[in-house]
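Any read-out appearing in this document is the output of simple, stated calculations on the displayed coordinates, not a laboratory observation. Computed from a prediction, not measured in an experiment: that's the story for all the values here. With ideal geometry, Cβ positions are generated from the backbone for all residues, glycine too; neighbour counts draw on all protein chains shown.
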Amino acid sequence: MNVSPSSEGKPSQRIAFVQSDWHMDIVDICRSSFLAEIGRLGIDESEVDFYKVTGAFEIPLHAKRLAESGRYSAVVGAGLIVDGGIYRHEFVAGAVVSGLMQVQLDTHVPIISAILTPHHFHEHETHHAFFSKHFETKGAEAARACVRTVEALAKLPDPA
């Protein structure tokens, strides 16, 4: 992934990372893991801009505005949508994931999802540890997906 300024003087392409504040102690693990892996892939942390939003439901709008800015080669969304025992969980999860896909299709900017939507999450150490570990894995996967997707798209003809 080429994120440095080009010889034509075009602005550098950056990565935007949008994460929700809810369950921030767990979601921050995704961000840390993303940064560690993106560094291993040769991209400096200074090329990643971070944005925080209240909840996962707000991520698609922020992703769209960031993608439309023309400043980012990719946008990553990270959040944890938990099942609090009411039907709202599935509506929110579906809306967020569908929204991110729509942003990607509308803007032609890759949107990488690090949104987890577990059916069962309770505020106890076992679930906290399990989902923290899962977000560590997800952050590294998101970094690899980000780089690979941008590189693959760069090989395609520009849309007319």
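Please sort 33-46, 51-64 by packing, taking for each peptide the average over its residues of neighbouring beta carbons within 10 angstrom, highest first.
Sorting 33-46, 51-64 by mean packing, highest first, produces 51-64, 33-46.
With θ set to phi - 60°, apply the Karplus curve 6.51 cos²θ - 1.76 cosθ + 1.60 along the range 100-116 and write out the HN-Hα couplings as whole Hz, x wherever there is a Gly or Pro.
For the range 100-116, the Karplus curve yields 5, 5, 5, 4, 4, 5, 6, 9, 6, 9, x, 10, 9, 9, 10, 9, 9 Hz.
For V53, which sequence-distant residues (separation of 5 or more, or a different chain) have an amide H within less than 5 Å of its own amide H, given hydrogens modelled in the peptide plane?
Q19, S20, D21
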